[in-house]
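These notes concern the structure reproduced below.
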Amino acid sequence: MYIEELIIDGFKSYQNRTTIANFDPNFNSITGLNGSGKSNIIDAIIFVLGITNWNQLRASSLQHLVYKHGQAGIRKASVTIVFNNEDKANAPVGYEKFDQITVTREIIIGGRSKYFINGHNAQMDRVKNLFRSVQLNIKNPHFLIMQGKITKVVNSKPIEILGMIEEAAGTKMYEDKKEGAVKTLEKKDRKVNEITQILDETITPTLKNLEKQQKQYQNWLEFKREKEKLEKIRVAFEYYQSKRTLSGSEAELKDFEKQIAELEQSKMDQEKLLKKIKSKLLKLAEAKEKDMSSGLQELEQEGHSLSKKIVRIESGYKNCEDNLKNFEKELEDLKSTAITIQSQIKEKQKNLEHQTKILNEKKLLVQEKKEHLENLKRQYQAVSVGVAADGEGTAKTLADQLMDAKKKQVTSSTEAQSCAARIAHSEKELKNLELQTKKIDSEYKQFMSEEKTLKSKVKDLEEKISQLGFSEQDYQALLLNRRKLQVNIKEATERSTGLKMKLDTLNFSYKDPAPNFDRSKVHGRVASLINLRDPKHAIALEIAGGARLRFVVVEDEKVSQQLIENGKLQQRETIIPLSKITSQVLSDSQLKTAWKQVGKPNVASAVSLVEYDKKDESAIEYVYGSTLVCQTSEQANSVTFHPQILARSVTLEGDVFDAAGTLTGGAVPSNINNYLALRYEYLEKKKEILELQKQLQETETKIKDLEDSKSKHEQLANALDLENHSYQFFTKRMEMTQYHQSVKKVEELKLFLESERLKLKKYSTEAEEAEENAKSIEHQIQNFNKEDQLTKTKQNISKAKKQFKELSDDFQQSQQSLVRLESQIAELTQELKDTNMKIEEFEKELISRKEELKERGEKKDKFNKEYEKILSLINAKKSAVLECDSNIAQLVAQRDANTKAITDAELNIKKLEHKIENFKAAKESAKKTVSILLKQHEWIESEEQEFGKPNTDYDFDKSRMKEVIERLSRAEEGQEKLSKQINKKAVHMFEKAQQEYNELIKKKKQIEADKAQIQNFIKELDKKKNEALQTTWEKVNKDFGSIFSSLLPGAQSKLEPQEGHSFLDGLVVKVAFGGVWKDSLSELSGGQRSLVSLSLVLSLLLFKPAPMYILDEIDSALDLSHTQNIGEMIKTHFTQSQFIVISLKEGMYNNANVLFSVKNVNGASVVTRTEAPKTAKKPKKRKRAED
């Protein structure tokens, strides 16, 4: 069946009746511009197929399907499809006789849609069944492939791809059968639950009850028989015992009387011994009191005072000792400094001598240049007056001047030659010395390396000492602080112990009134349960509490009763059970009135002035709940008698104002215990001790840390002293080496050479000048000219002035350098003098400090000896007291044992007397019992001979009779208990209920067997479904690879399970290019992804072909070549189905057998048909592909 003709009238963009006829049975294509109405053709087809979701038709309501929403006068839209039904084998069920089938759907604005099949009105379900029978199910429109579906497929998850395989496989049938089976199974479950409910709620409880009643009746019968049997044995035993009692001898009575006499004598002996022990105890107590009062306390106080002094003395001695060490170290540093300064002065003085020598030479040169300049000036004056003058300005003839000049030239040349010779000799010697120095250069390098190493070690040690951050002063301060803290802790502990002894009277002593008694239920006395918030309220709260402060607080009245009856209390006690106690508490209005009356700071409720545990609140309120505490008597008077308050008030001084009218005041009672102040001080001392212990622990930690640093600091300081000493020794040793001596000689030769070179320069200059002067004079003699002579002399003066200035400046600089050097030497000399003076002062001070240390040491030893002496006296006293305590303890133990022995003797006497009385009474009672039993039980006479025989019913063994009595008691109790409950009809009723129970159980088992069969059937359905899915997957996978390869030659594709999973968990798409499989589809281009999706969709369609497929612009993301391949693939693979394809690309619609072109003319769509130019062949009858 395929579409032959489509008639659209008023539907969407089709205003007029439009007939689209002669559809090709295989490949049809629709094209047109956007907005022309080509997609409305597809909408029209699926509209007829029964779509009800308007969104799939791109419409928001039914009205939008009518041309221009019904606003152009058209109120109705209809679409008719004419199907060719000549292929009877694949015809819809029930329509095999029709060659054509016409299906029309019509909608009217404001009305409903109507269906017509072959012109006859039809229901929607009939239309859907028609299309569903030929694989055109609009609810699962796999034949309709829109552009969005392609995109959705490529982004599908593995489980969604598996869902597509399930749709193609048609496993819905299995799901429907499974759903029916599950429903049947649920019905069976409900039936089982009903039976179970009947069994659990009705039958089983009734059955159990009847079974219980049946057992009760049987038990009652057994108890009755058991009771009769045991009662007979009990009567026999009672008769037997009474007979034995009557036959007993008087010997037993005499034995009791003898035991009483022995116990009386033992008691008298113990009382005599107890008297002696008490006398000894009294004497020992007096002796102990004498020892305690003979100075032990004074000795301890003296020892404590002396201990403090020793701490201060030892601290001072340690500080003095440490200061002496530091002083000695400073003295050593001063001496080392003095040596260093002396060495620097020697070096400076040597340098000064050398500089002085050079300065003198420069001074001579300056003087010579000055004289030369003066001579030139005189010569200029002589020439200017017409008289020839020599170089010194003296008037001489030119011949004489020439002779003097040549003489001076010879003299200067001779001196210059001498200097040159000395210089050559010295340079040679210098060269030899340098060579010699170079030979021992390795020694120098070794020395320099050693010097560098020593300097580095010194520097490293100095840095380590600096980084260590250890301070001897801080360390000593910590030691002193530790000693002070220890003394303070000892004092606080002693005071705390004293306070605790005073507070021991608040301890509540008792013995456990019952085994495993919970002592936490006894909270203690009221005074021990509270603590003052402020000690200034101590007297007021002590008087306010009064005797109630010694009351004992317990958990409940049961505990209080146990303590009073069995707690062996040593004195009369008042007990407050928290569960029963009631108290009168001041109301908020009373407090506010009191605050308003005298001011809030001046009055407070007594309860608010103490701290206590919340669980003891009712007891504290009982003691303090109705009392106010005021600052003064006036305030108390004002508050107490105020008509809105009328409450008892106590002042800080202890004056009591009672609302009844009584006033109590004056001095504080002498018998006041002051428990609250003592307890407050005790708790504060405990806090102080904890704080001091915490500080001591912190100080100990710091000392421990510093002790590690101290040892390291001492090690580093010693190492630094050694390294400094090594460096100084190395410096002196280095000065004595051959290399150092050679270097010194080299320096001296260099200084000598410098001096000789200056002389050489001087004499060479003089020789040159004399030579020039001689030549000048000779020239003058030959060509004497006054003007030329004056000019030349003037030039010589200018040159001489310049030289003189240069030499003068150099001399001044050298002179300034020499002055600075002298100043440095003077400063170093003064510094050395000052240092030596300090050394003398330090040496004197050192002697003084050593004497002071000695005195402190002697003083320390003296006090230590005194302290040891006192300690020995204290220990001797304490030993005596301890020995006395030990003797007292032994005597107390003996006294207690004696007292216990007397008490035991008295108790045993009373027991024996009681036994004698009981014995006499028992004999009389036994006589009466025998007489009564013989009258009541006649069988006794006949069976009496069996009484007491072993291994018979009348075996009266002690353990056996005990068991008989117990069994008899149980039998009586059991019979008595069951007699009220037994039901004699229970046996018959139980049998009937048991039969009903068995029938229901049988029925339940049958239903459970049916359930098992249904469950097996569901498993078989799942198996068949999985097999169908396996077959479908394999076929689709094969077609998928084939289609994709034809669309994209050289490429491969497949569907495979996820790694590590079954195909039932989902399938993933894999693609390969050139044999290389891609890890993910995200590596593909958009067009390639679209081809993959399209190939998968087409392979699914190919598995179970529908008679018709509709494709809407599936090639929009593809290029021309791919589109061409799709067209060819459709022709190749889908020869049995009709394709209607919307496309805008030539590659697609050029492959179509019929092309429909759509365009918009005046707002309405118009369709034209074009048939492809090809050889027409009569289409073969199509055969539907088998599943």
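The values are calculated or read from the model by the stated rules, or taken from the named source; none is laboratory data. None of the values given here were measured: they were computed from a predicted structure. Using ideal geometry, Cβ is built from the backbone for each residue, glycine included, and neighbour counts are taken over all protein chains shown.
Points to keep in mind about this one:
- Test result for D1112, among the acidic types (D, E) and under 60 Å from the mean Cα position of the chain (by Cα): no
- Test: residue in segment 47-69 that is hydroxyl-bearing (S, T, Y), under 23 Å from S133 (Cα atoms), at pLDDT below 85 and surrounded by fewer than 21 Cβ atoms within 10 Å (Cβ to Cβ): yes
- Of the criteria (1) under 25 Å from S798 (Cα atoms); (2) in contact with a helix residue (DSSP H, G or I) (Cβ under 7 Å, 6 or more places away or on another chain), which one I341 fails: (1)
- Residue count for segment 474-532 under the criterion of being over 30 Å from E700 (Cα atoms), under 42 Å from the mean Cα position of the chain (by Cα) and touching a residue at least 60 places away in the same chain (Cβ under 8 Å): the result is 6.
- Scanning segment 526-550 for residues that are surrounded by fewer than 20 Cβ atoms within 10 Å (Cβ to Cβ) and touching a Phe, Trp or Tyr at 6+ places or on another chain (Cβ under 6 Å) yields a single hit, P535.
- Only one entry of I1126, I1130, I1114 meets the criterion of being surrounded by 15 or more Cβ atoms within 10 Å (Cβ to Cβ), of a type in the set (V, I, T) and either on the phi > 0 side of the Ramachandran plot or in contact with a Gly (Cβ under 8 Å, 6 or more places away or on another chain) (or both), and that entry is I1126.
- Matching residues, segment 1113-1171, being of a type in the set (A, V, I, L, M, F, W, C) and assigned to a strand (DSSP E or B): F1139, I1140, V1141, I1142, V1154, L1155, F1156, V1158, V1161, A1164, V1166, V1167
Residue by residue, here is whether (1) modelled with pLDDT of 85 or more; (2) buried (at least 17 other Cβ atoms within 10 Å of the Cβ) holds:
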residue	(1), (2)
D441	no, no
E451	no, no
S466	no, no
R483	no, yes
E491	no, no
T505	no, no
K511	yes, no
D518	yes, no
G524	yes, no
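- None of L1064, L1055 is in contact with a helix residue (DSSP H, G or I) (Cβ under 8 Å, 6 or more places away or on another chain), closer than 23 Å to K152 by Cβ, surrounded by fewer than 18 Cβ atoms within 10 Å (Cβ to Cβ) and outside the structural domain of M1129 (by TED's automatic domain parsing) except L1064.
- Scanning segment 1065-1089 for residues that are among the basic types (K, R) and without any contact (Cβ under 8 Å) to a residue 60 or more places away in the chain yields K1070, K1078.
- Any chance E868 is at pLDDT 85 or above and of a type in the set (D, E): no
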